[in-house]
1. Give the percent of DSSP beta bridges with both residues in the chain that are antiparallel, rounded to the nearest 5.
2. Specify the angular offset, from 0 to 90 degrees and rounded to the nearest 10, of the alpha carbon long axis of helix 240-249 from the longest principal axis of the alpha carbons in the chain.
3. Going from most exposed to least, what order do ARG92, ARG58 have by accessible area with a 1.4 Å probe?
4. Can you give me the % of accessible surface on region 14-103 that is carbon or sulfur? Probe 1.4 Å, all protein chains present, nothing else counted.
5. In degrees between 0 and 90, to the nearest 10, how far off the longest principal axis of the chain does helix 214-227 point, with axes built from Cα atoms?
6. I'd like to check one number: the per residue accessible area of the chain, probe 1.4 Å, reported in Å² as a whole number.
7. To the nearest 20 debye, what charge dipole does the chain have about its Cα centre, counting +1 at the Cβ of each Lys and Arg and -1 at the Cβ of each Asp and Glu?
8. So how much accessible area does GLU163 have, in Å² to the nearest 10, using a 1.4 Å probe?
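The values are calculated or read from the model by the stated rules, or taken from the named source; none is laboratory data. Remember, it's a predicted structure, so these values are computed and weren't measured experimentally. A quick note on method: Cβ atoms are made from the backbone with ideal geometry, for glycine too, and the neighbour counts reach across all protein chains shown. Note: areas computed on protein heavy atoms with side chains; ligands, DNA, RNA excluded. Shrake-Rupley method; radii C 1.70, N 1.55, O 1.52, S 1.80 Å.
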Amino acid sequence: MVFISGCNDDSSQTKEEKKVLKVGMELAYPPFEMSEKDGTPSGVSVDFAKALGKELGREVIIENIAWDGLIPSLKTGKIDLIISSMTITEERKKSIDFSIPYAQSSLAILANKNSAISSINDLNQEGKKVAVKKGSTGHVYAKDNLPNAEILVFDKEAACVLEVVQGKADGFLYDQLTIYKNYAKNKDTTVALLQSFQEDFEYWGVALKKDSPLKKDVDAFIKKAKADGTFDSFANKYLTDAKKTFDDLGIPFFF
């Protein structure tokens, strides 16, 4: 059973609390982290957390936390781990630990249909505007590699997409699956450039406190879930159309 933060009874604050696994995620990134109409957490990461909790014999509580608050919440012990499509980066590894990777991705571009953008180089020009989500790897990439463009920074993915749809930005940098998803919703106004323009893949991991004893068990579960088809079942449940598109384009898929 999965509980949203705040729904557990204080009477459980006894020895049973040791069995609770508090998982932080921002429920704003479908189909990985999202909420049903009644507020119930759902998505790939939620199913992942539930399967991990079952393997560890611990009751899972989902803590819905804004992206910028996830790592601080982990470091202060509010949550036990983060499963929120978080890219493993050297900067983040300075203050937290990560599991072995469970997914791989690369940045892609959602371009306005009228912007004549066909590559990342087309965005690195005077007069071009690039939308990025604050703190994302797309934000970091744009700062480091697009010195000629105007970088528009937003707190939410939806705001970045809207800028492109309305023609206020020429492109939005984010992971391939998100770009595909937003293109599918806005085919009349956008173009998805899904082929990677990075030299290396980005890898997603479960974030943990430094030297967390959970790391060994989380790593073991990821290896098992990759081998026994658990991750494949997530893709088949939530990502069927995207997986077919990626396969057709010869782009390696997430899991």
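1. 55
2. Between the helix axis and the principal axis of the chain, the angle is about 50 degrees.
3. From most accessible down to least: ARG58, ARG92.
4. Carbon and sulfur: 50 percent of the exposed surface of region 14-103.
5. 60
6. Working: 12560 Å² over 255 residues.
Per residue, the chain has 49 Å² of solvent-accessible surface.
7. 300
8. Rounded to the nearest 10, the figure is 30 Å².
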